Amino acid sequence: MRHQKKFNHLGRKSAHRKAMLSNMAASLIMHKRIHTTVAKAKALRIYVEPLITKSKEDTTHSRRTVFSYLQNKEAVTELFREIAKKIMDRPGGYTRILKTGNRFGDNAEMCLIELVDYNEAMLSVKDDGKAKSKRRRRGSSKKKADEVGDEVEETTSVKTETEVKPKKEPRKAEDPKPEPDSTPEPEPAPEPEPAPEPEPEPASDPEPEPSVESEPTEEQPKV
């Protein structure tokens with residue numbers, strides 16, 4: 001029984017399969033891109049990506065471990081000197097499979113398997129697309145949110161203005177009423193004018209004096 005044996009045997013014995021994958025991994029490292037079937041490419045991706053991860057630590061132990069799989073000194077040197085520098089910041093996913101259609105004859109699915117960091121044209125296109133899409137999405141969402149917020153503020157301000165204006169208008173009509181009240185207040189100011197009126201009173205005082213003088217004349221004959 002072959003329970004939990006999910007990997008693809010590729011129609012070969014284990015020794016043949018390991019030798020084939022070793023040669024394909026060395027070719028991928030040296031040429032950065034190879035043309036093969038989809039089934040072999042998927043099996044090669046599982047085989048070569050752990051070796052590329054191992055190359056991030058440039059030690060004797062790592063080199064010997066990778067060499068035990070590749071059995072190619074030139075491929076090991078290329079992997080640790082050149083490829084490791086480019087994939088240092090990438091956390092996995094070092095290869096890409098691009099399907100190219102079916103093969104004439106047996107109709108097998110064909111593809112290109114390549115190292116992601118060595119396809120500069122696709123990297124530049126993806127970087128531009130991501131930057132633009134992110135900026136557009138974030139900018140549009142923020143602008144929409146700002147516009148909606150502005151509209152809500154405008155509506156609320158208009159509502160408040162409409163609600164406040166009718167309240168203020170009757171107050172303005174009431175305010176002019178006290179204005180006539182304030183104008184008559186200065187009218188009492190002329191009231192102190194009666195102060196100069198006592199001046200004519202002394203003129204009236206001399207008139208009764210002759211009457212007073214005449215009275216004693218009458219009294220003397222009485223005595």
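The values are calculated or read from the model by the stated rules, or taken from the named source; none is laboratory data. Here the structure is a predicted model, which is why all the values come from computation and not from measurement. Note that we place each Cβ from the backbone using ideal geometry, even for glycine, and neighbour counts take in every protein chain shown. Note: accessible area is taken over every heavy atom of the protein model, side chains too, but ligands, DNA and RNA are not part of it. Shrake-Rupley method; radii C 1.70, N 1.55, O 1.52, S 1.80 Å.
Inside the range 27-62, residues that are of a type in the set (Ser, Thr, Tyr) and assigned to a loop (DSSP other than H, G, I, E, B) make up a count of 2. Do the conditions hold for residue 19, that is, is it open to solvent by less than 30 Å² (accessible area, probe 1.4 Å) and either modelled with pLDDT of 95 or more or out of contact with any Leu (no Cβ under 6 Å at 6 or more places or on another chain) (or both)? The answer is no for residue 19.
Just one of the numbered conditions (1) out of contact with any Phe, Trp or Tyr (no Cβ under 7 Å at 6 or more places or on another chain); (2) without any contact (Cβ under 8 Å) to a residue 24 or more places away in the chain is not true of residue 8: (2). Of the listed requirements (1) of a type in the set (Val, Ile, Thr); (2) farther than 22 Å from residue 8 by Cα; (3) surrounded by 13 or more Cβ atoms within 10 Å (Cβ to Cβ), residue 52 misses just one: (2). When the range 86-112 is filtered for residues that are basic (Lys, Arg) and surrounded by 13 or more Cβ atoms within 10 Å (Cβ to Cβ), the ones remaining, listed by number, are 86, 90, 96.
Counting only residues that are part of a loop (DSSP other than H, G, I, E, B) and of a type in the set (D, E, K, R), the range 7-26 holds 2 of them. Pairs only if they're at least six apart or on different chains, beta carbon under 8 angstrom, first in the range 43-58 and farther than 14 Å from residue 28 by Cβ, second aliphatic (A, V, I, L, M) and open to solvent by less than 20 Å² (accessible area, probe 1.4 Å); list them, first residue then second. From residues that are farther than 14 Å from residue 28 by Cβ, the pairs are 54/66; 56/84; 56/87; 58/84.
Considering only residues of the range 58-102 that are touching a Leu at 6+ places or on another chain (Cβ under 9 Å) and among the aromatic types (Phe, Trp, Tyr), which is farthest from residue 42 (Cα to Cα)? That would be 69.
Residue 135 fulfils the conditions (1) more than 15 Å from the chain's Cα centre (by Cα); (2) modelled with pLDDT under 90 except for a single criterion, (1).
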